[in-house]
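For reference, the structure discussed in these notes is given below.
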Amino acid sequence: MTQPGGNAPLLAVRDLKTYFVTGRGGGTARAVDGVSFELYPGETLGIVGESGCGKTVTSLSILRLIPEPPGHIRPGSYIEFDGRNLLTLAPRDLRAIRGNRIAMVFQEPMTSLNPVFTVGDQIAEAAVVHQGLSRGAARARAIDMLRLVGIPDPETRVDDYPHQLSGGMRQRVVIAMALVCRPQILIADEPTTALDVTIQAQILELLERLQAELGMAVMLITHDLGVVAGTADRVVVMYAGQVVETASTAELFARPRHPYTEGLLASIPRLDRPADRLYSIPGNVPAATHWPAGCRFHPRCPHAWDKCRREEPPLLDAGTPGHTARCWLVVEPQRRRPAP
Amino acid sequence: MNATAPLVDVRDLVKHYPSERAWLGLGKPKRVVRAVDGVSFTIAAGQTLGLVGESGSGKSTVARTLLRLTEPTGGAALFEGRDVFALPPGELRALRRRMQIVFQDPYSSLNPRMTVRQTLREPLAIHRLAAGADAERRVAALLDEVGLDAALADSYPHELSGGQRQRVGIARALSVEPTFIVCDEPVSALDVSVQAQVLNLLTDLQRRHRLTYLFIAHDLAVVRHTAEQVAVMYLGKIVERAPATAVYQEPRHPYTRSLLSAVPIPDPHAPRRRIVLSGDVPSPANPPPGCPFHPRCPHPKKNEHCRTEVPALREITPGHLAACHFAAEPM
């Protein structure tokens, strides 16, 4: 675990704006609209939000995997890695980083595996491309990786095709693929969402163990605050294309400062606290083509007043170091309405 | 316990699927997939049974056979005292008015070419419940009941959010005034904040109309908030069945225990004693001999007996059933 502030960030995202032109005169979807955060060496950073908040587009933008058109990353956006801006890197230089020093695991393992190649070939591919491994060495490396991610009988499994594996095994293979070049950063986008709860527990435990063994930084993108609570050191909460709150995990769960974070926490059905009725945030996530004026959460916020409808709050210092929240309540706490 | 007869009484439900056949589909079936293998439960009127399990456990097959969306292989399902599986087609159709289903994915269960109004009027027409202005009034009342704006009546499914679509799915189920609704993972595809809205709506509707629910979920935390009784399925069988509080406070089956421990708790300070099961769920076409859970079972007393003898689902304490040889002993 690494505390922010002590050393230099490994990756710094500055004012990232990724927009999409939508068809049929729908206008421009500002999917990611000015996002900034840092990832420090060795830490696990949770990026949390509901569908449409921009968390996946953020992660795809870091590796420049956004299809252009319809998407485009706005000038002025900046993603610093190793002293360079990933967004202006030549394709050749970018390829040397992608899959090698920064790797990614996606939600649905079946769609990130090629059905006509053996898992061994797919795991070794990145090592062959980036490190020029021979055929024999590549196969040996693939077997090592399968063993590392806990697949029994790796010498046989290396020749299996994806359809011969269960969902949990496939996700292990995808993780092995991502880690084959020993990346400094692993971006995991909802790596357990498509899995059953007992398999989810296996994969989370595997990621935890691998991070400790390999010392990489992990960016864990998820909609599940329960997953974040058990794994992340720090959390970035996103809503409507923006970061609305950042804090250490302990601080965020103990003292959430943004009403959206509070609402999310309160609406989770909990095993340890059964309730007759769940808290629910009223309304729906607005469309990315029409973000509300002022604070983007104000139409759903129980505390909103006229200032919130007019002026967009910046990320404000929320007291403890490293804790920020995009909410006017931070500077005008007397406006908070008591819970009904 | 309620002294009156239960509304739903399922007895030894079996659903086997013949597996792929050799010789271009002409030969003998190779193996039988035992999707549901002798499941029994009852649900009292106005109550909710939570049916929990992982993918492949057979929970959705139970729901579908119960409504005769697929034909059962064996067993009986009494609804208001009559066996659903023995009804002739005419009576089955009449019964369908009383039993409805809400599906997991509201997008694929709504017809993309029908507006909300058409979707809600269709069952009214099929069951000859209302027509013309009367049907319009019913549609307006249904939309109001599920918390949808009347202006959405002329929208198509693709114009609605996931939560709104699921409300339409619920309104469609309610339109024929059923007494029993199967909720097949109704909130699994929804975001957390919307999930809470839909769960609260289902609770309100149940109270208002005294509905009986079979609530199917893979998430024990969601069921915690909805069900009075909980049944846990594994490989086509119920391995534990009890009042909800008993299942959560004193789970007797090691599978239930590990399921509970695997649920992520949104509290970084919560004591975490995750029991991580090794391996995957075996195929229901080739279940292990003996206790179906034994290859993954973390129970310290697991022995040869577990590998050979199928443990019966038996009563451990009054109303609390578990299918484990060691269920009666403290952990």
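The values are calculated or read from the model by the stated rules, or taken from the named source; none is laboratory data. Please read these numbers as outputs of a predicted model, since none were measured by experiment. We place every Cβ from the backbone using ideal geometry, glycine too, and count neighbours over all the protein chains shown.
Summary of values
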| quantity | calculated |
| --- | --- |
| Selected residue [over 21 Å from the mean Cα position of the chain (by Cα) and farther than 26 Å from B:Asn200 by Cβ] from A:Arg273, A:Arg335, A:Arg300, A:Arg277 | A:Arg335 |
| Residue match in region A:137-149 (condition: out of contact with any helix residue (DSSP H, G or I) (no Cβ under 8 Å at 6 or more places or on another chain) and outside any helix (DSSP H, G or I)) | no |
| Considering residues of region B:286-295 that are free of Cβ contacts under 8 Å to residues at least 40 places away in the same chain and surrounded by 13 or more Cβ atoms within 10 Å (Cβ to Cβ) only, the residue nearest to B:Gly56 (Cα to Cα) | B:Pro288 |
| Residues (farther than 19 Å from A:Thr231 by Cα and surrounded by fewer than 20 Cβ atoms within 10 Å (Cβ to Cβ)) located in region A:34-55 | A:Gly34, A:Ser36, A:Ser51 |
| Subset tally (residues that are in contact with a strand residue (DSSP E or B) (Cβ under 7 Å, 6 or more places away or on another chain), away from every other protein chain (no Cβ under 14 Å) and among the aliphatic types (A, V, I, L, M)) for region A:191-225 | 5 |
| Leading residue by the ranking (surrounded by the fewest Cβ atoms within 10 Å (Cβ to Cβ)) among those in region A:82-94 that are hydrophobic (A, V, I, L, M, F, W, C) and more than 24 Å from A:Arg30 (Cα to Cα) | A:Ala90 |
| Criterion: more than 19 Å from the chain's Cα centre (by Cα) and closer than 30 Å to A:Glu262 by Cα - qualifying residue of A:Thr156, A:Thr198 | A:Thr198 |
| Every residue from region A:257-287 that is more than 7 Å from every other protein chain (Cβ to nearest Cβ) and either closer than 30 Å to A:Gly23 by Cβ or without any contact (Cβ under 8 Å) to a residue 12 or more places away in the chain (or both) | A:Tyr260, A:Glu262, A:Arg273, A:Asp276, A:Gly283, A:Val285, A:Pro286, A:Ala287 |
| Within region B:284-331, considering residues that are under 18 Å from B:Glu250 (Cα atoms) and touching a Leu at 6+ places or on another chain (Cβ under 6 Å), the one nearest to the other protein chains (Cβ to nearest Cβ) | B:Ala323 |
| Which listed residue is more than 14 Å from every other protein chain (Cβ to nearest Cβ) and surrounded by fewer than 15 Cβ atoms within 10 Å (Cβ to Cβ), from A:Gly132, A:Gly120 | A:Gly132 |
| In region A:95-113, the residues that are charged (D, E, K, R) and loosely packed, with under 15 Cβ neighbours inside 10 Å | A:Arg95 |
| Test result for A:Ala254, modelled with pLDDT of 90 or more and either closer than 15 Å to B:Pro268 by Cβ or within 8 Å of chain B (Cβ to nearest Cβ) (or both) | yes |
| Strands (runs of 3 or more DSSP E) contained entirely in region A:58-118, each with at least 2 residues that are within 25 Å of A:Tyr40 (Cα to Cα) | A:78-81, A:102-105 |
| Subset tally (residues that are basic (Lys, Arg) and not in a helix (DSSP H, G or I)) for region B:161-174 | 0 |
| Filtered residues of region B:96-153 (kept if of a type in the set (S, T, N, Q) and more than 25 Å from the chain's Cα centre (by Cα)) | B:Thr115, B:Gln118 |
| Scan of region A:163-178 for residues that are touching a residue at least 40 places away in the same chain (Cβ under 8 Å) and either buried (at least 21 other Cβ atoms within 10 Å of the Cβ) or not assigned by TED's automatic domain parsing to the domain that holds A:Pro115 (or both), ordered by number | A:Arg170, A:Gln171, A:Val173, A:Val174, A:Ile175, A:Ala176, A:Met177, A:Ala178 |
| Subset of region B:139-160 [within 13 Å of chain A (Cβ to nearest Cβ) and in a helix (DSSP H, G or I)] | B:Leu152, B:His158, B:Glu159 |
| Test result for B:Tyr255, crowded, with 20+ Cβ neighbours inside 10 Å, closer than 21 Å to B:Asp37 by Cβ, touching a Cys at 6+ places or on another chain (Cβ under 9 Å) and within 11 Å of another protein chain (Cβ to nearest Cβ) | yes |
| Matching residues in region A:305-324 - criterion: being in contact with a helix residue (DSSP H, G or I) (Cβ under 9 Å, 6 or more places away or on another chain) and surrounded by fewer than 20 Cβ atoms within 10 Å (Cβ to Cβ) | A:Trp305, A:Lys307, A:Arg309, A:Glu311, A:Leu316, A:Asp317, A:Gly319, A:Thr320, A:Gly322 |
| Search result, residues across region A:288-304 that are in contact (Cβ under 8 Å) with a residue 12 or more places away in the chain, surrounded by 15 or more Cβ atoms within 10 Å (Cβ to Cβ) and of a type in the set (Gly, Ala, Ser) | A:Ala288, A:Gly294 |
| Some residue of region B:268-283 being buried (at least 19 other Cβ atoms within 10 Å of the Cβ), in contact (Cβ under 8 Å) with a residue 24 or more places away in the chain and more than 7 Å from chain A (Cβ to nearest Cβ) | yes |
| Residues (in contact (Cβ under 8 Å) with a residue 12 or more places away in the chain and out of contact with any helix residue (DSSP H, G or I) (no Cβ under 9 Å at 6 or more places or on another chain)) located in region B:48-73 | B:Leu49, B:Gly56, B:Ser57, B:Gly58, B:Lys59, B:Ser60, B:Thr61, B:Val62, B:Ala63 |
| Filter result for the condition that a residue is touching a His at 6+ places or on another chain (Cβ under 7 Å), modelled with pLDDT under 95 and polar (S, T, N, Q), over B:Thr65, B:Thr73, B:Thr61 | B:Thr73 |
| Odd one out for A:Ala142 among (1) farther than 30 Å from B:Asp191 by Cα; (2) within 12 Å of chain B (Cβ to nearest Cβ) | (2) |
| Breaking point among (1) buried (at least 16 other Cβ atoms within 10 Å of the Cβ); (2) touching an Asp or Glu at 6+ places or on another chain (Cβ under 8 Å), for A:Ile62 | (2) |
| Selection within region B:316-331 - part of a strand (DSSP E or B) and not aliphatic (A, V, I, L, M) | B:Thr317, B:His320 |
| Selection within region B:161-219 - among the acidic types (Asp, Glu), away from every other protein chain (no Cβ under 11 Å) and free of Cβ contacts under 8 Å to residues at least 60 places away in the same chain | none |
| Region B:220-246, residues that are within 23 Å of B:Pro295 (Cα to Cα) and within 11 Å of chain A (Cβ to nearest Cβ) | B:Leu220, B:Tyr234 |
